[in-house]
Amino acid sequence: MPTRDTAWPDGSPCWADLSVEDLGSAKRRYGHLFGWDTDDSPGGDEGYVTCLKNGRAAAGIMERTSAEEPSAWLTYLATSDVDATTQRVVEAGGAVIEEPKDVGRGAGRLAVVRDASGGVLALWGAGAHTGFQVFGEPGTVAACVLLTRDLQASRAFYEQVFGYTFGVEQGGLVTFLVDGQPAGAMHQADQLPDGVDAAWNVHFAVASRDATVAMAEMEDDTDILMSFDSPAGPEAVIRGPEGEVFNVTELPDTPPEE
C-alpha cells in the first residue's frame, strides 16, 4: 500500500478535492463507490471533509461556496512557496483565481490559479495537511492528468512554472517528471467541451472497472461517458449527479508476495 506522511515534492500532484452543493449525498455516494470513511478536515473548516481509505487521507469533499461555481474535482500541485509559484504562474501567462492565503488551523497555504490554456488548479504549501497519505491502490487517486488542446503550450507553461521534465511523447500522451520520477501526465485531448482548452482530470484506482461502473450506474443522475481499454488498463469516464467528471482505472493484479 503506497503511503506518505511528509510534504510532496514541488510540482507533484499532492491532493484532490470535490466541490458540491449536496455534501451529505456526495459523502455517501463516493464512500460507497471507493470504500471511503470521512472525517473533519485537518484544519477544522466547516463544510469540508477528508475522505479516508484504511484510515489515511485519500481525497476531500467540500460544499460549494457559490451557486455559480461548478461542481468539479480540483487537482492540487505541491509547492514549498505558494506566493512565488503564484507569481510564476502569472509570468508564464496564467491568472490568479484565489490569491494565496493560509487555510484551516495551520493546515497549509493555498492559491487557486488558471494555467495559460485555461486549466484550473490549486497550489498547496503543506502545513499540518501534507496531502495524499495513501495513493495508487483501489479507492485512492492513481493519477492526475492534464487534458489540453495544445500539448506543446501546456508543456512549456508547466516547465516554466515547476521545472517539469518530460518522458517520451507517445500518441499525444506524455508523462511529466518531478525529481526525475513520473508524477503525472498530459494528454492532447481534442474532445474537450466547447470553450474549454485545458482541464485537470483525476483518475481513481479501482479493483474492477466493470464492477465500479455497475455501482455508479445504480446512482441517480450518474452517467458513464466512456468505457475503454487504455495502456494503463480498463478505464471509464464517469459524470456524477452534479456534473463532476472523473476517471476510474482498473489496476493490474499484483502477484502475492512469497
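The values are calculated or read from the model by the stated rules, or taken from the named source; none is laboratory data. Keep in mind the model is a prediction, meaning the values are calculated, not measured. Neighbour counts run over all protein chains shown; Cβ positions are idealised from the backbone, glycine included.
Annotations
- ARG88 being modelled with pLDDT of 95 or more, farther than 18 Å from GLN133 by Cα and not acidic (Asp, Glu): yes
- Pairs with Cβ under 7 Å, 6+ apart, first in the range 128-143 and in a loop (DSSP other than H, G, I, E, B), second of a type in the set (Lys, Arg): PHE132/ARG4; GLN133/ARG4; GLN133/ARG56; GLY139/LYS53; THR140/LYS53
- The number of residues in the range 95-124 that are within 27 Å of VAL174 (Cβ to Cβ) and in contact with a strand residue (DSSP E or B) (Cβ under 8 Å, 6 or more places away or on another chain) comes to 16.
- For the residues PRO9, PRO42, the requirement of being in a loop (DSSP other than H, G, I, E, B) and at pLDDT below 95 singles out PRO42.
- Test result for PHE157, under 21 Å from TRP73 (Cα atoms), of a type in the set (Phe, Trp, Tyr) and surrounded by 19 or more Cβ atoms within 10 Å (Cβ to Cβ): no
- Against the conditions (1) part of a strand (DSSP E or B); (2) touching a helix residue (DSSP H, G or I) at 6+ places or on another chain (Cβ under 9 Å); (3) among the polar types (S, T, N, Q), ASN247 satisfies every one except (2).
- Tallying residues that are among the aliphatic types (A, V, I, L, M), assigned to a loop (DSSP other than H, G, I, E, B) and touching a residue at least 60 places away in the same chain (Cβ under 8 Å) within the range 81-117 yields 2.
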